[in-house]
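Structure first, commentary second.
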Amino acid sequence: MRKLKLSMGILAIVFATLTVASCKDAKKEQNNEEEHQSEMSTEENHSEMNHDNSDGHHDEEATHDNSDGHHDGDSAEMTSEARDIAVSTQKNGATSAIIDAYFQIKNALVTDSKENAAKGGTALLAAFSKFDMKTLTDGTRQEYMEIAESAKEQAEHIVENPIDHQREHFETLSTDINDLITLLGTDKTLYLDYCPMKKVSWLSETKDIKNPFYGSEMLTCGNVKKQIN
Amino acid sequence: MLKSKLTKMKIVKIIVLVLLVAFVGIQFVPTERNQSDVVPKTDFMLVNDVPKEIENKLQVSCYDCHSNNTAYPWYNKIQPVAWFMEDHIKKGKEELNFNEWADYSDRRKKSKLKSIISQIKDDEMPLSSYTLIHKDASFSEDDKKKVITWLTQLKDN
């Protein structure tokens, strides 16, 4: 009986501290929140100012990107005409490591290997971090950074996700890498392939179609849209 | 016999006590709360012309983890629930923050929209652990269709 009383007592004390603690917490939190709010509002003013700056900047980028989007649309429409037309770009070896890592992902997806695609993702991240931005001109740096930011994000997702997810991010990654090549060039001979089922393009180092979006399911589905170099 | 039963009871009591003390103890560990009264100019709803219905759905279903302001439930005051949520919100905002939409480059906006659409389409977002408690956050087939159609339009423009 005494023991029961004792444990009841302990429980009561525990509850008391708990409620006191949470009350305190709540009060503290309120205070914190108030402080936080005032902080936030000053911060906000600050960032708004910054935003104005970056906004102006963004508009510039936006028009830039739009023209790009337009371009993409055009090339999709021109598919039939553009076929079998070889396009030569600037001979630039600096992009090779990035393109090789991209192919590592592509070839892994062709063989339905999630693990190898993830390895390719890691390789792509490494290739981007090794890329020497000093070689870029002021005109190309901004666009390169946007492409790299997006491509790295896709690569991170490819590293940690199941294969259907990897393929989704590979779609966006293909656009990024294609834009990168348009921007900086390559010394490799490449093929821009088109998947009519997905309505997306991908790059390949071989002329034969090996579709990475469906793997063994639909390996030879697609066509060569253009040859680069 | 009686003696060993008594010692067993004692051990159980000690364990319960330790657990209780630990539970009380972790209540004092502070967590970062994701709350803000200000909607920045860069917010998705402010820079896009979003129909009311779509706006409501996105606010209710996405903004708790993908913006700077979470509508916390009462039990978030209790650990370890608060930790679990803190982690989720941090990751969610890293991936996508609707409040910072206008700061994303056009390339990024497009790829984000693509991901949002596919996540909703495949029922991967909102997370099932979230909709379990927030019933109003889940997407009906009709919601899905409307939201996806609108987002696709935005993406392709």
**Report entry** Residues of the stretch A:105-135 with amide N under 16 Å of a point placed 7 Å along Cα→Cβ from A:Thr206
**Finding:** A:105-113
Query raised in the report: Roughly how many debye, to the nearest 20, is the charge dipole of the stretch A:86-228 about its Cα centre, given +1 on each Lys and Arg Cβ, -1 on each Asp and Glu Cβ, and no other charges?
Result: 440
Query - chain B: most fluctuating residue of B:Leu127, B:Leu58, B:Leu19 per GNM, C-alpha cutoff 10 Å - result: B:Leu19
Query - Alpha-carbon centroid distance for the pair the stretch B:5-19 / the stretch B:28-51, whole angstrom - result: 48
**Report entry** Local net charge near A:Ala148, Cβ-Cβ under 13 Å (Lys/Arg +1, Asp/Glu -1)
**Finding:** -3
Report task. Might you report the magnitude of the Cβ-based charge dipole of the stretch B:1-102 about its Cα centre, with Lys and Arg at +1 and Asp and Glu at -1, to the nearest 20 debye? Result -> 1300
Query raised in the report: Just going by the charge dipole of chain B, with Lys and Arg at +1 and Asp and Glu at -1 on Cβ, which of B:Val16, B:Leu154, B:Tyr130 is farthest out on the positive end?
Result: B:Val16
Query raised in the report: Among rounded, prolate and oblate, which fits the stretch A:86-228 when a ≥ b ≥ c are the square roots of the eigenvalues of its C-alpha gyration tensor, a/c under 1.5 means rounded, and a/b larger than b/c means prolate?
Result: oblate
Query raised in the report: Average partner chain C-beta neighbours within 10 Å, per residue of B:17-23?
Result: 2
Report summary line: The set of residues whose placed amide H lies less than 5 Å from the amide H of A:Lys225, leaving out same-chain residues fewer than 5 positions away, is A:Leu192, A:Asp193, A:Tyr194
**Report entry** Peptide B:107-117 - average C-beta neighbours from other chains (10 Å radius)
**Finding:** 5
Query raised in the report: Is the shape of the stretch B:1-151 best called rounded, prolate or oblate, per the rule: a/c under 1.5 gives rounded, else a/b larger than b/c gives prolate, else oblate, with a ≥ b ≥ c the square roots of the Cα gyration tensor eigenvalues?
Result: prolate
Query raised in the report: So, counting K/R as plus one and D/E as minus one, what does the shell of residues with Cβ under 12 Å around B:Lys90 add up to?
Result: -2
Requested in this report: Within a 10 angstrom radius of each residue's Cβ in B:99-106, how many Cβ atoms of other chains show up on average? Whole number is fine.
Outcome: 5
Query raised in the report: Over what distance in Å are the Cα centres of the stretch B:107-157 and the stretch A:187-220 separated?
Result: 28
Query raised in the report: Relative to the Cα centre, what is the charge dipole magnitude of the stretch B:49-157, using +1 at the beta carbon of each Lys and Arg, -1 at the beta carbon of each Asp and Glu, and rounding to the nearest 20 debye?
Result: 200
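We did not get these values from a lab; they are worked out from the coordinates using the rules stated. Keep in mind it's a predicted model, so treat the numbers as computed, not measured. Every residue, glycine among them, receives a Cβ derived from its backbone with ideal geometry; neighbour counts consider all protein chains shown.
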